[in-house]
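For reference, the structure discussed in these notes is given below.
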Amino acid sequence: MKRQLKFAPIAALAAGFLLLAGCGKRANVGSYQGESNQIAAVIAQRNLTPDDVLGAVSTYEPSGQHDEYVMFASGGQSGQVLVYGIPSMRLLDQIPVFTPDSMAGWGYGGAGNAILHNADLAAGPTGPAMQVRWGDTHHPALSQTDAKYDGKYLFINDKANGRIAVINLHYFQTTQIVKNPIFYNDHGGTFVTPNTRYVIETSQYAAPLGNGYAPLKDYAAAYRGEMTFWRFDENTGYIDPKRSFAIELPPYWQDLAIAGRLASHGWVFCNSFNVAMYHDDDTNGKPSFEAGATQRDTDYLHIIHLAQAEADFKAGKFTRINGFPVIPLKAAIADRILYFTPETKSPHGVDATPDGQYIVVNGKLDPHVSVYSFKKILAAIAAGNYRHDQYGVPVLPMRETIEARVEAGLGPLHTQFDDKGYAYTSLFLDSAIAKWALGGEYEKLHPDVPAWSLVQKMPVNYNPGHLAAPASDTSEPLGHYLVSLNKWSIDRFDTVGPLYPEDLQLVDISGPKMRLLSDTPLGLGEIHYAEIIPYKMLNVARVYPMGFSPRTWQVLKNAVQSGQEKIVRQGNHVTIFMTAVRSHYTPEVVQLNQGDEVTWHITNIERTPNASHGLAISAYNVNLTLNPGETETVHFLASRAGVFSFYCTKFCSALHLEMAGYLVVKPAGAAAVAQR
Ligand code: CUK
Ligand code: CUA
């Protein structure tokens with residue numbers, strides 16, 4: 001075991017620490033003379049190895065010191081986005097997206113309700129409307145300008161319910177959720193094109209397009225996959241569904257996708273599995289999907305010419321399904337929008353090198369990562385030496401499209417890139433990360449290391465899914481750190497019941513060898529993918545402009561201001577105009593009659609950063625969080641009579657407990673409340 005340390009290394013460590021400390025801006029050698037023995041004692045007492053100490057001092061952020069990077073991570077089944085500081089791996093924020101969140105007051109009466117409602121299932125010919133109040137977030141994508149992060153927006157998909165959300169990174173707030181009109185689930189999303197013109201969302205489990213019914217026996221004829229291109233409008237900050245469209249795909253189960261950049265700008269790549277189109281109605285004892293879907297030797301890498309698809313869409317070459325434009329499969333083939341090339345069966349992630357020249361397919365069941373050359377793909381298309389799949393899609397021969405196969409290890413899932421010409425692939429089955437050298441132009445960056453060769457394998461704990469490295473999904477990756485998003489934690493932390501946390505392991509990739517720095521448990525949800533950006537590339541607001549509404553995303557001219565508070569009754573409709581400021585509401589007493597229709601406006605009129613207030617109303621399921629400048633509006637029916645408190649849920653000042661009021665609802669039949 002590694003936990004054996006003799007005295008000599010401790011002393012050396014402490015001495016080294018002392019020397020190191022001498023270089024720091026916060027201290028000099030002299031200031032550590034007294035502490036070096038103490039440091040050595042702590043190291044000995046806690047049984048730390050030199051690697052442990054190095055990891056600790058590399059990641060520790062002294063009180064008040066900020067992290068260099070932030071990581072936006074999917075929150076998996078939580079339906080949210082998690083924000084971490086790197087290298088400290090401190091959890092900084094949970095941005096509510098698909099799931100109500102009580103700290104942010106999201107989904108309990110305010111703006112979140114309207115945004116969540118917009119993405120519910122609408123009533124239609126196949127069934128009634130359905131509220132959906134959770135999500136399974138997988139792939140966050142930061143907005144890009146010229147294939148580089150611009151720090152403005154973040155997108156995230158909901159695999160379970162086929163939805164896409166837009167988060168504005170000036171306020172770290174979800175502004176929009178769109179429901180895919182033709183599909184119930186997704187997985188290959190979100191990925192953005194190099195100027196965030198489109199946000200890509202791809203279906204996963206084939207089904208009839210348009211959410212209709214077809215029996216499983218009609219699978220090949222009636223079931224389909226699709227890729228949706230949501231048009232993002234940079235001027236408004238919203239997805240414009242009217243300028244969005246989809247492409248019909250064969251009923252293979254499409255998996256991860258990636259937009260080309262630079263060399264492959266205008267193209268999109270997508271993996272698939274179950275090209276066997278295995279399906280069974282469970283009546284004849286056929287094998288499970290896990291056996292049936294993997295019976296072919298190869299699946300197909302989808303190669304999609306987005307630029308041509310967009311031209312077809314603009315030329316009106318589409319049909320409408322549920323009103324949404326869809327380029328039919330036949331048209332996609334005829335207009336040379338869609339090609340396939342074989343990939344070893346059941347791959348998982350597909351990633352593009354920073355220059356867009358190589359498409360890396362991670363084998364999952366194959367110990368190799370397969371590297372396709374975009375140049376070769378174009379040549380194969382031009383050569384026309386292809387056969388067709390059963391739907392007529394051209395299949396480019398693999399020998400013409402592949403550049404290299406790198407034996408990485410067991411269970412390659414996802415690949416990230418650094419700034420030195422190396423790639424990092426997670427090995428789910430090996431519980432390891434493989435570092436390997438890129439070829440082509442990248443060889444210049446590491447002349448002594450052969451192209452397409454394995455450089456190092458480092459164990460992680462355990463079963464990594466995605467990896468995340470700063471700006472890996474752009475033309476200018478930054479290297480420095482890699483986070484391994486591990487699915488299993490087994491023995492890494494104190495057991496906290498049968499549901500185990502994930503383990504996020506931070507790895508230093510700045511040197512020739514990967515070095516493990518820290519472990520961080522996550523018990524809020526399962527992170528799938530994450531993207532990391534230098535904090536200085538963000539432009540984050542500290543307060544809202546006065547009267548800002550997160551519902552309309554505008555400053556409301558009629559937001560309640562100080563001195564204009566009132567309660568107005570018109571018949572049985574009561575409108576409350578309220579302000580909140582340390583440490584009181586105005587007005588503090590609201591008197592209603594049972595059965596009144598209530599519209600409750602409230603503005604936090606603070607200008608001081610951090611001076612947030614809450615508004616919780618007992619028994620009425622209202623819970624708002626009002627940040628400085630924010631205005632919200634809640635509607636409800638005063639259906640329950642009684643005396644209810646409302647109070648501020650944020651300990652905002654010494655007199656926070658006094659920041660409260662009464663909502664008095666007189667029972668129907670009693671004398672009505674006089675107009676105020
Ligand atoms: S997926 Cu989860 S580990 Cu949704 Cu990108 Cu691979
Ligand atoms: Cu406002 Cu407590």
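I'm a student and want to see the number: the projected area of the Cα convex hull of the stretch 158-203, averaged over all directions, in nm².
Approximately 3.4 nm², given one-decimal rounding.
Calculate the dipole size of the chain relative to its Cα centre from +1 charges on Lys and Arg beta carbons and -1 charges on Asp and Glu beta carbons; express the result in debye to the nearest 20.
Charge dipole, the chain, about its Cα centre: 920 debye, nearest 20.
Of the options TYR108, ALA73, GLY151, report the single residue whose Cα projects farthest towards the positive end of the charge dipole of the stretch 55-187 (beta-carbon charges: Lys, Arg +1; Asp, Glu -1).
It is TYR108.
What does the charge add up to near ALA541, with Lys and Arg as +1, Asp and Glu as -1, over the other residues with Cβ less than 13 Å from its Cβ?
On the way: positive: LYS152, ARG542, ARG607; negative: GLU630.
For residues surrounding ALA541, the net value is +2.
In what sequence, largest accessible area first, do TRP134, TRP488, TRP230, TRP253 appear using a 1.4 Å probe?
On the way: TRP134 115, TRP488 145, TRP230 5, TRP253 25 Å².
Ranked from most to least accessible, the order is TRP488, TRP134, TRP253, TRP230.
Quick one: which of LYS375/LYS444; LYS420/LYS444; LYS420/LYS513; LYS148/LYS536; LYS148/LYS345 span more than 21 angstrom between C-alpha atoms? Please report the intermediate quantities before stating the final value.
Working: LYS375/LYS444 19 Å; LYS420/LYS444 9 Å; LYS420/LYS513 12 Å; LYS148/LYS536 14 Å; LYS148/LYS345 32 Å.
Flagged as over cut-off: LYS148/LYS345.
List the residues whose amide H sits under 5 Å from the amide H of TRP267, counting only those 5 or more places along or on another chain, with H placed 1.01 Å from N in the peptide plane.
So TRP267 has HN proximity to GLY260, LEU306.
Calculate what fraction, in whole %, of the accessible area of the stretch 586-676 sits on carbon and sulfur atoms when a 1.4 Å probe is rolled over the protein chains.
On the way: 2270 of 4190 Å².
Of all accessible area on the stretch 586-676, carbon and sulfur atoms account for 54 percent.
Cα to Cα, under 18 Å, and not fewer than 8 places away if on the same chain: which lysines meet these conditions relative to LYS159?
In chain and number order, the partners are LYS179, LYS487.
So in the stretch 548-666, what percent of DSSP beta bridges are antiparallel if you round to the nearest 5? Can you show the working numbers first?
Details: 30 of 44 bridges.
Of the beta bridges lying entirely in the stretch 548-666, close to 70 percent run antiparallel.
Residues of the chain: accessible area per residue at 1.4 Å, in Å²? Working shown, then result.
Working: 28250 Å² over 676 residues.
Averaged over the residues of the chain, the accessible area is 42 Å².
Would you check the accessible area of THR353, probe 1.4 Å, heavy atoms only, in square angstrom rounded to 10?
0
Ranked by accessible surface with a 1.4 Å probe, highest first, in what order do THR603, THR126 come? Show your work: numbers first, answer last.
Details: THR603 0, THR126 100 Å².
Sorted descending by solvent-accessible area, the residues read THR126, THR603.
How far apart, in nm, are the 7 Å Cα→Cβ label points at LEU429 and VAL589?
7.3
GLN591's amide H: which non-local residues (gap 5+, or another chain) put their own amide H closer than 5 Å, with H modeled 1.01 Å from N in plane and none for Pro or chain starts?
When sequence neighbours closer than 5 places are left aside, the close amide H contacts are VAL664.
When the Cα atoms of the stretch 396-493 are enclosed in a convex hull and the volume is divided per residue, what value in Å³ results? Working shown, then result.
Details: hull volume 11.5 nm³, N = 98.
Normalising the Cα hull of the stretch 396-493 by residue number yields 117 Å³.
First compute the accessible area of the stretch 267-394 with a 1.4 Å probe, then give the percent of it belonging to carbon and sulfur atoms. Write out the running numbers ahead of the final one.
Working: 2620 of 4990 Å².
Heavy-atom surface of the stretch 267-394 belonging to carbon and sulfur, 1.4 Å probe: 52 percent.
What ranking of MET659, MET398 comes out by heavy-atom accessible area, probe 1.4 Å, highest first? Please report the intermediate quantities before stating the final value.
On the way: MET659 0, MET398 45 Å².
Sorted descending by solvent-accessible area, the residues read MET398, MET659.
Any chance you could check the Cα centroid distance between the stretch 64-125 and the stretch 231-264 for me, in angstrom?
22
P(r) for the chain, please, calculated from all Cα pair distances in 10 Å bins and given in %.
3, 14, 22, 23, 18, 12, 7, 2, 0
Setting aside same-chain residues fewer than 8 positions from LYS330, which aspartates and glutamates have a Cα under 18 Å from its Cα?
GLU226, GLU248, GLU310, ASP312, ASP389
Average the reciprocal distances over every distinct pair of alpha-carbons in the stretch 548-666, invert the result, and give the Kirkwood radius in Å. Display every interim value, and only then the final one.
Numbers: mean 1/r = 0.0699 Å⁻¹.
With all distinct Cα pairs of the stretch 548-666 included, I get 14.3 Å.
How large are Rg and Dmax for the stretch 324-447 when calculated on the C-alpha trace, in angstrom?
Just the Cα atoms of the stretch 324-447 yield Rg and Dmax of 15.9, 51 Å.
Mind checking which helices in the chain clear 20 Å along their axis (Cα) and have mean Kyte-Doolittle hydropathy of 0.5 or more, DSSP H runs only? Intermediate values should be presented prior to the final figure.
Details: long enough: 7-23 (25 Å, 2.13).
Span-like helices, by this rule, are 7-23.
State the extension gain, in nm to one decimal, for the chain segment bounded by VAL664 and GLN456, taking 0.36 nm per residue of separation less the distance between their alpha-carbons. Please list the in-between numbers first.
Details: separation 208, 0.36 × 208 = 74.88 nm, distance 6.86 nm.
That pair, VAL664 and GLN456, stretches by 68.0 nm at full extension.
Which of TYR372, LEU438, GLY210 sits closest to the plus end of the dipole of the chain, meaning its Cα is farthest towards the positive end, when Lys and Arg get +1 and Asp and Glu get -1 on the C-beta?
With unit charges placed on the Cβ atoms, the residue in question is GLY210.
The values are calculated or read from the model by the stated rules, or taken from the named source; none is laboratory data. Owing to the predicted nature of the structure, the values given are computational and were not obtained by experimental measurement. Cβ atoms come from the backbone with ideal geometry, glycine included; neighbour counts cover every protein chain shown. Just the protein is used for accessible areas: all its heavy atoms, side chains included, with ligands, DNA and RNA removed. Shrake-Rupley method; radii C 1.70, N 1.55, O 1.52, S 1.80 Å.
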